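Any read-out appearing in this document is the output of simple, stated calculations on the displayed coordinates, not a laboratory observation. Quantities reported herein were computed from a predicted structural model and do not represent experimental measurements. Every residue, glycine as well, gets a Cβ built from its backbone with ideal geometry; the counts of neighbours run over all protein chains shown.
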Amino acid sequence: MSRVQKIISKTEKINISKEEIAGEVKRFFHERSYLYVVMDYGVGMGLYENGNFQIRMESEKKFVPIPWEYVQELAVFNQCQELRLRHVQNRFCGRYCVDEDDAGLEIYFMDEVQKLWGNVELEEDGYYLLTSLRGSRLWVPVISDGQGWIHKQMGIRVRSYMDFPQASERKGLFWKKDERFLGICPWP
């Protein structure tokens, strides 16, 4: 079970055009990171590395470039940071959040694992295909646990940032200020 902790975190608002997305991601992310993309017609997950966006859609047998004209939401994330953008009136608006940045503010947080719906049906080219009885299909990047296990179910680690207004040191009601993705992991 997770517990409430403190961390230094910084948030920056972002408002860019579709053409500026790749440059903005490259500015913040210098190592391999996850992608979560919501499009007009579906959801895709994948990886970003060295300027390359790679996703695998439910019916695709191969990796495909992101079809930017259909993107409604994009999240690029890893353990330390997340860039989350939404398509709003021909612009992409959102925020960049980074933890353990000396220039940030001290804030409370709690991490948890949320279930990615479905069971692992197939492992192929570094991805698991999750399927469910209700018909959903989602390819997710494989997370190596160092033992080579194929996990039956997967989850996504989520960090919730919170404040305790009008209360002293974690007593009383809290206000959830923000949340971000941390990574993909086996479902506990």
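Using only the alpha carbon atoms of the range 5-186, find the Kirkwood hydrodynamic radius as the inverse mean reciprocal pair distance, in angstroms to one decimal.
Taking the inverse mean of 1/r over all distinct Cα pairs, the range 5-186 comes out at 17.6 Å.
Roughly how many Å is it from the Cα centre of the range 69-141 to that of the range 1-26, as a whole number?
Centre-to-centre (Cα) distance: 12 Å.
Across the chain, where is the longest run that never hits chymotrypsin sites (Phe, Trp or Tyr not before Pro) in a DSSP loop with at most 16 other C-beta atoms within 10 Å?
Value returned for the longest uninterrupted segment is 42-116.
Which cross-chain or sequence-distant (5 or more) residues have an amide H under 5 Å from the amide H of Gly183, H modelled 1.01 Å from N in plane?
Distant-sequence amide H within range of Gly183: Arg157.
For the range 5-186, what is the relative contact order in percent, using Cα pairs closer than 8 Å and at least 6 residues apart in sequence?
Here the relative contact order equals 22 percent.
Name the most mobile residue of Met57, Met162, Met45, meaning the one with the largest mean-square fluctuation, in a Gaussian network model of the chain with Cα contacts below 10 Å.
So, out of Met57, Met162, Met45, the one fluctuating most is Met162.
Mind listing the phi-derived Karplus ³J(HN,Hα) values for the range 12-27, rounded to whole Hz, using 6.51, -1.76 and 1.60 with θ = phi - 60°, and x for any glycine or proline?
Taking θ as phi minus 60°, the curve returns 10, 6, 10, 8, 9, 8, 4, 5, 8, 4, 4, x, 5, 5, 4, 5 Hz for the range 12-27.
Any lysines with Cα under 19 Å of the Lys26 Cα? List them, leaving off those in the same chain fewer than 8 positions away.
Lys10, Lys13, Lys18
So what is the 222 nm mean residue ellipticity for the chain from helices alone, if each DSSP H run of at least 4 adds -39500 (n - 2.57) and you divide by all residues, rounding to the nearest 500 deg cm²/dmol?
-1000 deg cm²/dmol
Can you list which of the trypsin sites (Lys or Arg not before Pro) found in the range 9-94 are DSSP loop residues with at most 10 other C-beta atoms within 10 Å?
Passing both the DSSP loop test and the Cβ count: Lys61, Lys62.
Reachable aspartates and glutamates from Lys62, Cα under 16 Å, same-chain residues fewer than 8 places away excluded?
Glu123, Glu124, Asp125
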